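Here the structure is laid out as structure tokens; the discussion comes afterwards.
The values are calculated or read from the model by the stated rules, or taken from the named source; none is laboratory data. These figures come from a predicted structure and were not determined experimentally. Don't worry about glycine lacking a Cβ; one is built from the backbone with ideal geometry, like all the others, and counts go over all protein chains shown.
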Amino acid sequence: MTRVVLTTSIAVAVGAVVSLGVRAADPTPMQQGHAVFNKWCAPCHSNAPGNPGTAALEALYQGSKPAALEERTDLTPETVKQFVRNGVSIMPFFRKTEISDAELDALAAYLARNLPE
Amino acid sequence: MKTPPGVSATDFAAALGQFEAAVGKEWLFTSDEDVALYRDAYSPFWGEPEERAASAAVAPGSVEQVQAVVRAANRYRVPLYPISTGRNLGYGGSAPNYSGSVVLDLKRMNRVLEVNERSAYALVEPGVSYFDLYRHIQEKGIKLMVDVPDPGWGGVLGNALDRGGGYTTHQFRNHFDSHCGMEIVLADGEILRTGMGAMPGSKTWQQYKTGYGPWVDGIFSQSNFGVVTKMGLWLMPEPDAYMTGTVLVPRHDDLIPLIDILNYLESGRVCQGISELSSPVMGLPAADDAPPLSAELAALIAKAVERDTRALDDYAARKGKAAWSCTLKFYGPAKALQAQWEYAKDKFAQIRGATFVDGALIKLPLSAEQKEKVHKVEFGIPNLSIFSFGARNANNPTPTNGHQWFSPIIPRSGEEVFEANRVFARAGREYGLPVPPFSIPFCFWERSFLFLFGFPVTHDVEKNKKTRAAFAQLVRIAADQGWGEYRTAPAYQDLIMSTYSFNNHALLRFLERLKDAVDPNGILSAGRYGIWPQHLRGARQ
């Protein structure tokens, strides 16, 4: 649900800018992080049926934590970076030509956005 | 930072300096932390001294930069290992065959240069993944279908070069066969274009494959003769409809006529998609999260593998389950598909007791909702669902760290499927190898079957050693029977090349002569697919 709300809010924001005839602003870091997630993580980790990353985390957490990464409220930026650069079990690590350090910062901020202040 | 073997520190530093001048500081990776990202995440040698490791990585963003890097490497004799997207997991990742090589990472060259809807082709750079090409086509509303492998994050160009396969129709699912024209940077930095691309101003580079004279494209696949920087590929115009039809037969030995009829239908293009064999009574192939076979069924299968099939047939009859099921896949005009399936049913009806299940006819294009429900790869939709293999699930609390595929090519006949299972089962018992109870062949390729045994890769050195020994044993046993591997990871490339040994390894000796001619300094992908440059052959032998 969180993902749907966020996607909608981005669409509305961009639509508003365009409708005013103003050149679309550069994406915010949060939008960049969301885009990185959609490109690199969503095919395994979004909350869609058959996604192996989400299924594996469901088996691991047994309901004690959300299986879909975007719904997590306990991910720190450091945790996200650790997994992206080191991998875990069947998930490989990612090179900087795939996810650059700047993109990883944006991704980490996006997945950590639900972390309590 | 490592220095490549045989290269002086001074020369390596000079080469790195020229690499940096070519690509910019940001795209030369020399720190241990950055270079570690080029390890093969699924290496069966993980953490052992023999694990193949790079010394550095360089990531050009253009053909001109590739040329500059290759020229510098050739000047200083620095070994390079080009990768496209580096995601050939299970058949090799981004790590070189020859430790100390500098990985030439082409991921940044990620432009879809052209998609021509009227002539149904694309021209791509090496860093373009199947996801990238699919998104490009979807965003532009182009009515072409990309044939995608499992998983879909690999490179279009790299998968074709490694001779990977997909799931749609014959003409497209053999990815090397569906390519049309390449651009290659040779070891001296010169650019070569193949096929019609050899003619300046050619208007048919992506429309006629073979050009004029010897068709050299094949030597750039599963090899190390050049750095492929562009590739054309033919795409399938989105068909009117897709349909499946399933035939079920009651007895184990019915597999023999079932496959003969299937071959007739596939070779005649009556059915065009990737046919799918399974055994309802054996419950194979099993889902990733399926519980283990019962002891009773395992014993019946073991007897059937030794060609005593009566008890398994009786069990199937008692349980009301078919011995075999084969689902045919059809692509094309809706009316034609239904007629083709009716014709196929007439043919299969020759098998006593055959029954049929008509699949749904699906009109294309798919709705967003349909896209989530279908077997995505059969509609050219890239995804990563195959990573459920070995992942944690209810029946597998200890996920693996990867997998490696033993994948021999087997003749397309029921007799040979039975014989292969008998041979592999005996090998399993004799050598304690992790062989499945019965291997159901896959129909990826025309005219032959593919067996796929997925073996786990772990971070446990002893387990990996055992798996490697088992893998090597299976390769030898298969070769003794005339069954060869179609593709493999660097760890096994020498071994498997050694099985293609007709006339005292005439093929390898010919490839080595080619290697010496086109890459005399041996800088490109030393050892890839068993082809080593002259200065390293002695050490290998």
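The residues of segment A:80-110 that are among the hydroxyl-bearing types (Ser, Thr, Tyr) and surrounded by 17 or more Cβ atoms within 10 Å (Cβ to Cβ), listed by number, are A:89, A:97, A:110.
Total residues in segment B:96-124 satisfying the condition of being among the charged types (D, E, K, R) and within 13 Å of chain A (Cβ to nearest Cβ): the figure is 3. Pairs are defined by a Cβ separation below 6 Å, a sequence spacing of at least 6 or placement on different chains, a first member in segment A:81-102 that is facing chain B (nearest Cβ under 10 Å), and a second member that is surrounded by fewer than 18 Cβ atoms within 10 Å (Cβ to Cβ) and assigned to a helix (DSSP H, G or I); the pairs so defined are A:93/A:86.
When the test is whether a residue is within 11 Å of chain A (Cβ to nearest Cβ) and free of Cβ contacts under 8 Å to residues at least 24 places away in the same chain, residue B:135 passes it.
When segment A:54-79 is filtered for residues that are surrounded by fewer than 19 Cβ atoms within 10 Å (Cβ to Cβ) and among the polar types (S, T, N, Q), the ones remaining, listed by number, are A:62, A:64, A:73, A:76, A:79. Among residues of segment B:300-318 that are free of Cβ contacts under 8 Å to residues at least 12 places away in the same chain, those with a beta-carbon under 7 Å from a residue that is among the hydrophobic types (A, V, I, L, M, F, W, C) and surrounded by 18 or more Cβ atoms within 10 Å (Cβ to Cβ) at least six positions away or on a different chain give the pairs B:303/B:312; B:311/B:300. With respect to (1) in a strand (DSSP E or B); (2) in contact with a helix residue (DSSP H, G or I) (Cβ under 8 Å, 6 or more places away or on another chain), the lone exception for residue B:357 is condition (2).
One line per residue, one yes/no per condition, for (1) polar (S, T, N, Q); (2) crowded, with 21+ Cβ neighbours inside 10 Å; (3) farther than 23 Å from residue B:282 by Cα; (4) without any contact (Cβ under 8 Å) to a residue 24 or more places away in the chain:
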residue	(1), (2), (3), (4)
B:404	yes, yes, yes, no
B:415	no, no, no, no
B:429	no, no, no, yes
B:459	no, no, yes, no
B:462	no, no, yes, yes
B:471	no, yes, yes, no
B:482	no, no, yes, yes
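Residues considered: B:93, B:6. Of these, the only one that is more than 14 Å from every other protein chain (Cβ to nearest Cβ) and closer than 28 Å to residue B:497 by Cα is B:6.
Would you point out the residue of segment A:81-117, among those that are aliphatic (A, V, I, L, M) and in a loop (DSSP other than H, G, I, E, B), that is nearest to residue A:28 (Cα to Cα)? Before you say what the answer is, go through the steps one by one.
Pass one, segment A:81-117, residues aliphatic (A, V, I, L, M): A:84, A:88, A:90-91, A:99, A:102, A:104, A:106-109, A:111-112, A:115.
If we keep only those that are in a loop (DSSP other than H, G, I, E, B) as well, we get A:90, A:99, A:112, A:115.
Numbers: A:90: 32, A:99: 17, A:112: 15, A:115: 19 Å.
If we take residues in segment A:81-117 being aliphatic (A, V, I, L, M) and in a loop (DSSP other than H, G, I, E, B), then A:112 is nearest to residue A:28 (Cα to Cα).
Please tell me if residue B:207 is away from chain A (no Cβ under 14 Å) and modelled with pLDDT under 95.
Values: away from chain A (no Cβ under 14 Å): yes; modelled with pLDDT under 95: no.
Here the answer is no, as residue B:207 does not meet what is asked.
Restricting attention to segment A:40-73, which residues are part of a helix (DSSP H, G or I) and either touching a Cys at 6+ places or on another chain (Cβ under 6 Å) or more than 11 Å from every other protein chain (Cβ to nearest Cβ) (or both)? Let's see the steps before the verdict.
To start, the set of residues in segment A:40-73 that are part of a helix (DSSP H, G or I) comprises A:40-45, A:52-61, A:69-71.
Hits for segment A:40-73 are A:52, A:53, A:69, A:70, A:71.
Among the criteria (1) more than 19 Å from residue B:527 (Cα to Cα); (2) surrounded by 20 or more Cβ atoms within 10 Å (Cβ to Cβ), the one residue B:17 does not fulfil is (2). Checked against (1) within 17 Å of the chain's Cα centre (by Cα); (2) surrounded by fewer than 18 Cβ atoms within 10 Å (Cβ to Cβ); (3) under 26 Å from residue B:133 (Cα atoms); (4) at pLDDT below 95, residue A:9 passes all but a single condition, namely (3).
Give segment B:1-20 a look and list any residue that's in a helix (DSSP H, G or I) and either touching a Ser or Thr at 6+ places or on another chain (Cβ under 8 Å) or free of Cβ contacts under 8 Å to residues at least 40 places away in the same chain (or both), or say none. First the steps, then the outcome.
From segment B:1-20, those in a helix (DSSP H, G or I) are B:9-20; that's our starting set.
If the condition is that a residue be in a helix (DSSP H, G or I) and either touching a Ser or Thr at 6+ places or on another chain (Cβ under 8 Å) or free of Cβ contacts under 8 Å to residues at least 40 places away in the same chain (or both), then B:9, B:10, B:12, B:13, B:16, B:17, B:20 are the ones that fit.
Residue B:47 meets the conditions (1) on the phi < 0 side of the Ramachandran plot; (2) in contact (Cβ under 8 Å) with a residue 12 or more places away in the chain in every case but one. The failed one is (1). Can you pull out the residues in segment B:378-398 that are within 7 Å of chain A (Cβ to nearest Cβ) and not aromatic (Phe, Trp, Tyr)? Selection gives B:383, B:384, B:385, B:388, B:390, B:391, B:392, B:393, B:394. Considering segment B:272-292, and only residues there that are among the hydrophobic types (A, V, I, L, M, F, W, C) and not in a loop (DSSP other than H, G, I, E, B), the residue that is modelled with the lowest pLDDT turns out to be B:284. Given the condition farther than 19 Å from residue B:248 by Cβ, at pLDDT 95 or above and of a type in the set (Ser, Thr, Tyr), answer yes or no: does some residue in segment B:293-308 qualify? No, that holds for no residue. Once segment B:75-90 is narrowed to residues that are out of contact with any Lys or Arg (no Cβ under 7 Å at 6 or more places or on another chain) and β-branched (Val, Ile, Thr), the residue that is nearest to the other protein chains (Cβ to nearest Cβ) is B:83.
Within the option set B:77, B:52, B:118, being among the basic types (Lys, Arg) and either touching a Leu at 6+ places or on another chain (Cβ under 8 Å) or within 22 Å of residue B:13 (Cβ to Cβ) (or both) holds for one residue only, B:77. Here the condition is being assigned to a loop (DSSP other than H, G, I, E, B) and among the charged types (D, E, K, R); of B:269, B:318, it holds for B:269 alone. Among the residues of segment B:289-316, those identified as crowded, with 17+ Cβ neighbours inside 10 Å and not hydrophobic (A, V, I, L, M, F, W, C) are B:309, B:313, B:315.
Inspect all residues belonging to segment B:351-365 and state whether any of them is surrounded by 15 or more Cβ atoms within 10 Å (Cβ to Cβ) and either without any contact (Cβ under 8 Å) to a residue 60 or more places away in the chain or within 28 Å of residue B:93 (Cα to Cα) (or both). So far as segment B:351-365 goes, no, none of its residues is surrounded by 15 or more Cβ atoms within 10 Å (Cβ to Cβ) and either without any contact (Cβ under 8 Å) to a residue 60 or more places away in the chain or within 28 Å of residue B:93 (Cα to Cα) (or both). For segment B:106-210, the strands (runs of 3 or more DSSP E) that sit wholly inside it and include 1 or more residues that are in contact with an Asp or Glu (Cβ under 8 Å, 6 or more places away or on another chain) and crowded, with 20+ Cβ neighbours inside 10 Å are B:121-124, B:179-185.
Name the single residue that is farthest from the other protein chains (Cβ to nearest Cβ) among those in segment B:26-52 being acidic (Asp, Glu) and in a helix (DSSP H, G or I).
So the first thing to find is which residues in segment B:26-52 are acidic (Asp, Glu), and the list is B:26, B:32-34, B:40, B:48, B:50-51.
So of that shortlist, the ones also in a helix (DSSP H, G or I) come out as B:26, B:32-34.
Numbers: B:26: 9, B:32: 13, B:33: 8, B:34: 6 Å.
Within segment B:26-52, the match that is farthest from the other protein chains (Cβ to nearest Cβ) is B:32.
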